[in-house]
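I have placed the structure first, in the form of structure tokens, so that the comments after it can refer back to it.
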Amino acid sequence: MSTTEKIAVITDSCADVPEELAERYHMFVLPMRIICSDGEYRDGIDIHAEDIYGKLKKEMPKSSTPGGADVEDTFAEIRRQGYTKAVAILLSGGLSGTVNHVRLEAEDLEGLEVKVYDSRQASIGIGAIALQAAEYVEAGMGFEELKEKIEGLIAGTKVFFSIDTLEYLQKGGRIGKAAALAGMLLDIKPILSFDAEGEIYTAAKVRTRKQVEKKLLQLVEELKEENRPCNLLIADGGAPAERDALEKKLVQVIPDSRHLYRAKIGAALSIYLGSGLLGAGIQYLD
């Protein structure tokens with residue numbers, strides 16, 4: 001344990017960390033850039049998921065890594081606040097160049113040592129890793145131990161999610177290993193996840209929307225290990241009622257989790273996922 005190191009936790013807006021938790025743990029969130037026909041926006045600051053749902057009806061916006069100025073300003077603010085170390089837990093390198101961008105910006109920073117991680121996840125998968133890391137920092141964990149813990153959290157986090165259509169993933173070039181499903185019948189509902197390399201793959205598929213909840217619960221329950229400390233993860237994109245129903249059943253299936261982290265999909269990921277996403281997962285802490 002350490003009382004001398006002041007460690008900052010950085011993530012990006014695709015982690016979908018609820019604002020109140022980001023504030024609670026003093027996290028630094030780098031906003032993704034979103035380019036639309038009417039201009040450029042910053043995810044979670046001047047554009048949100050509901051805006052994207054509307055824009056998708058007439059155009060395919062593009063996303064980009066956080067702006068260089070945003071990254072530089074964040075590092076400057078971290079140093080101004082007296083931090084000497086930082087961990088950055090970021091969107092899967094299989095979806096974005098954010099990890100490489102931030103890693104380059106972090107090189108040769110004076111007075112601030114930054115360890116950059118590819119979460120190999122998106123949304124609540126990243127968010128849960130960052131939040132658990134922030135909890136460890138608050139408890140006084142030292143930098144070297146924290147770095148080891150984060151590696152374990154990345155390996156121990158698994159999220160499954162269902163979307164209504166693969167159209168936007170395909171158009172945006174983010175479909176990964178789920179590409180084989182793209183030409184299938186419209187009534188197939190794929191359950192997607194991230195593999196060990198951080199690429200999207202098809203974990204399962206069901207025929208109807210009603211079967212999605214049951215399959216998500218089944219996939220998470222199959223990962224259940226008795227007496228192993230864990231957090232539960234749940235997310236939605238424009239499907240809050242279904243998320244609430246799924247959450248109630250998830251905590252019945254795994255009633256002894258330490259935390260239940262919730263996320264609403266933000267603007268940047270909504271470009272590729274559309275509305276109607278439902279997700280659930282588990283994170284092991286050792």
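The values are calculated or read from the model by the stated rules, or taken from the named source; none is laboratory data. From a predicted model like this one, the values you see are computed outputs, not experimental measurements. Cβ sites come from the backbone with ideal geometry, for glycine too, and all protein chains shown count toward neighbours. With ligands, DNA and RNA removed, areas are computed over all heavy atoms of the protein, side chains included. Shrake-Rupley method; radii C 1.70, N 1.55, O 1.52, S 1.80 Å.
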Residues being of a type in the set (D, E) and open to solvent by less than 10 Å² (accessible area, probe 1.4 Å) - total across the range 235-245: 1
Selection from the range 150-162 of residues that are among the small types (G, A, S) and either closer than 13 Å to R120 by Cα or assigned to a helix (DSSP H, G or I) (or both): G152, A155, G156
Neighbours by Cβ (under 7 Å, 6+ apart or cross-chain): first from the range 228-249, within 17 Å of I282 (Cα to Cα) and in contact (Cβ under 8 Å) with a residue 24 or more places away in the chain; second among the polar types (S, T, N, Q) and part of a helix (DSSP H, G or I): N231/Q132
Failed item, numbered, when I265 is tested on (1) modelled with pLDDT of 95 or more; (2) more than 14 Å from the chain's Cα centre (by Cα); (3) of a type in the set (V, I, T): (2)
Count - residues of the range 54-76 that are of a type outside the set (A, V, I, L, M) and open to solvent by 60 Å² or more (accessible area, probe 1.4 Å): 5
Subset of the range 54-74 (residues that are touching a residue at least 24 places away in the same chain (Cβ under 8 Å) and either in a loop (DSSP other than H, G, I, E, B) or not charged (D, E, K, R) (or both)): L56, M60, P61, S63, S64, T65, P66, G67, G68, V71, T74
Selection count where residues are in contact (Cβ under 8 Å) with a residue 12 or more places away in the chain, within 20 Å of I150 (Cα to Cα) and open to solvent by less than 50 Å² (accessible area, probe 1.4 Å), scope the range 22-53: 4
Of residues in the range 268-286 being open to solvent by less than 10 Å² (accessible area, probe 1.4 Å), part of a helix (DSSP H, G or I) and not β-branched (V, I, T), the one nearest to D12 (Cα to Cα): A268
Members of the range 246-267 found to be assigned to a helix (DSSP H, G or I), closer than 19 Å to S162 by Cβ, open to solvent by less than 40 Å² (accessible area, probe 1.4 Å) and touching a helix residue (DSSP H, G or I) at 6+ places or on another chain (Cβ under 9 Å), listed by number: L246, L250, V253
Of all residues making up the range 163-200, the number that are over 21 Å from S63 (Cβ atoms) and either at pLDDT 90 or above or part of a helix (DSSP H, G or I) (or both): 5
Condition check for K147: at pLDDT 80 or above and in a helix (DSSP H, G or I): yes
Criterion (hydrophobic (A, V, I, L, M, F, W, C), more than 30 Å from V212 (Cα to Cα) and touching a helix residue (DSSP H, G or I) at 6+ places or on another chain (Cβ under 9 Å)) met by exactly one of L169, L153, L131, L112: L112
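Yes or no, residue by residue, for (1) on the phi < 0 side of the Ramachandran plot; (2) of a type outside the set (G, A, S); (3) part of a helix (DSSP H, G or I):
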residue	(1), (2), (3)
A76	yes, no, yes
A88	yes, no, no
S92	yes, no, no
L95	yes, yes, no
R120	no, yes, no
G127	yes, no, yes
Q132	yes, yes, yes
